[in-house]
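Here's the structure we're looking at; comments come further down.
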């Protein structure tokens, strides 16, 4: 049996994934992170994007979209505390595309009284969600 670590991905609403894994990859604040069992302890913010989890003795990787959050790594455990997390199978491309369109319109509309930081965050999340859907589609 391969070396594994405990992986938990949770959002404010629910636990999305909990189990043993051989590898985790996700978008860290400074770039893509790859985590193996025995990794040096680490706490960092994560950007919107796909979390890829290589589950032991499972052919297909688990995918979870996160809209940002915090990552904690211990030698035998990885915890992702996500602002929002959606299982890869539950991602809705049409909904993400519509959210992207609305955020782009809000940023272009100079007359609207909007929170530009919020609109930019929503746009970044929608773009990351569409990219995650694309990655998931390529893996199938």
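The values are calculated or read from the model by the stated rules, or taken from the named source; none is laboratory data. What you are looking at is a predicted structure, and each value in this text was computed from that prediction instead of being measured. Reconstructed Cβ throughout: ideal geometry from the backbone, glycine too, with neighbour counts over all protein chains shown.
Structure above, values below:
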| quantity | calculated |
| --- | --- |
| Failed condition for residue 31, given (1) in contact with a strand residue (DSSP E or B) (Cβ under 6 Å, 6 or more places away or on another chain); (2) modelled with pLDDT under 95 | (1) |
| Verdict on residue 37 being part of a loop (DSSP other than H, G, I, E, B) and touching a residue at least 24 places away in the same chain (Cβ under 8 Å) | yes |
| Of residues in segment 65-91 being touching a helix residue (DSSP H, G or I) at 6+ places or on another chain (Cβ under 6 Å) and not in a loop (DSSP other than H, G, I, E, B), the one nearest to residue 24 (Cα to Cα) | 65 |
| Matching entry among 67, 77, 12, 21 (being in contact (Cβ under 8 Å) with a residue 60 or more places away in the chain and crowded, with 21+ Cβ neighbours inside 10 Å) | 67 |
